[in-house]
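**Q** My questions will all concern the structure given below.
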Amino acid sequence: MASKQGAAKVVAVNRRASHDYFLEEAQEAGLVLTGSEIKSVRAGRVNLKDSYVLIKGGEAWLLNAHIAPYAQASRQGTHDSRRTRKLLLHRQEIAHLAGKVQAKGYTIVPLRVYLKDNRAKVEIALARGKKLYDKRESIAKREAQREIERALARRRRGQK
């Protein structure tokens, strides 16, 4: 019987990240969670909107990510939904990210949370903020691509 070794189940995606930032380097980080938090993650109750990564004291921290309290947990087992959570990265990876953030004005944003081999992982990326005109340009490109796809779809229907 073949196992799903390495298969990842995506739990949450930060769609605003690609809209608000130019994404540069992406990498995987482990996520330190409590028992009720991992149960909520497995249930898909995660929101990455407005979350970011901060490097402080040689450690990486995920701030402002919302993991809803687990309904079946006891009162003592519940957690603060927006608490700061530690990310697991190698020391040289943290040093690399910290150098980029300080020197070039990048920020680190989470792109998605997923389960890999039953462990919660977060994909983070170095990002540079988009200006308003950059966002408008991205929207214009997306709209033009949609128009092209619609025209092709109409054309295919007309030929059938």
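The values are calculated or read from the model by the stated rules, or taken from the named source; none is laboratory data. Since we're looking at a predicted model, the values are computed, not measured. Cβ sites come from the backbone with ideal geometry, for glycine too, and all protein chains shown count toward neighbours.
Yes/no per residue for (1) of a type outside the set (S, T, N, Q); (2) over 29 Å from ARG128 (Cβ atoms); (3) free of Cβ contacts under 8 Å to residues at least 40 places away in the same chain:
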residue: GLU37; (1), (2), (3): yes, yes, no
residue: GLY44; (1), (2), (3): yes, yes, yes
residue: ASN47; (1), (2), (3): no, no, yes
residue: LEU88; (1), (2), (3): yes, no, no
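**Q** A follow-up question, please. Tell me yes or no: at least one residue of region 3-17 is at pLDDT below 90, over 21 Å from LEU115 (Cβ atoms) and not charged (D, E, K, R).
**A** no
**Q** Report yes if some residue within region 82-95 is surrounded by fewer than 10 Cβ atoms within 10 Å (Cβ to Cβ), of a type outside the set (A, V, I, L, M, F, W, C) and modelled with pLDDT under 90; otherwise report no.
**A** No - not one qualifying residue is present in region 82-95.
**Q** Now for a separate question. Hey, could you check region 96-125 for residues that are in contact (Cβ under 8 Å) with a residue 12 or more places away in the chain, not basic (Lys, Arg) and not in a strand (DSSP E or B) and say which is surrounded by the most Cβ atoms within 10 Å (Cβ to Cβ)?
**A** LEU97
**Q** In region 50-60, is there at least one residue being assigned to a loop (DSSP other than H, G, I, E, B) and over 26 Å from SER138 (Cβ atoms)? Steps first, answer last, please.
**A** So the first thing to find is which residues in region 50-60 are assigned to a loop (DSSP other than H, G, I, E, B), and the list is 50-51, 57-58.
If we keep only those that are over 26 Å from SER138 (Cβ atoms) as well, we get 57-58.
Checked against the condition, which is being assigned to a loop (DSSP other than H, G, I, E, B) and over 26 Å from SER138 (Cβ atoms), region 50-60 yields at least one hit.
**Q** Please go through region 126-160 and pick out each residue that is part of a helix (DSSP H, G or I), aliphatic (A, V, I, L, M) and closer than 28 Å to LYS49 by Cβ.
**A** Within region 126-160, LEU132, ILE139, ALA140, ALA144 qualify.
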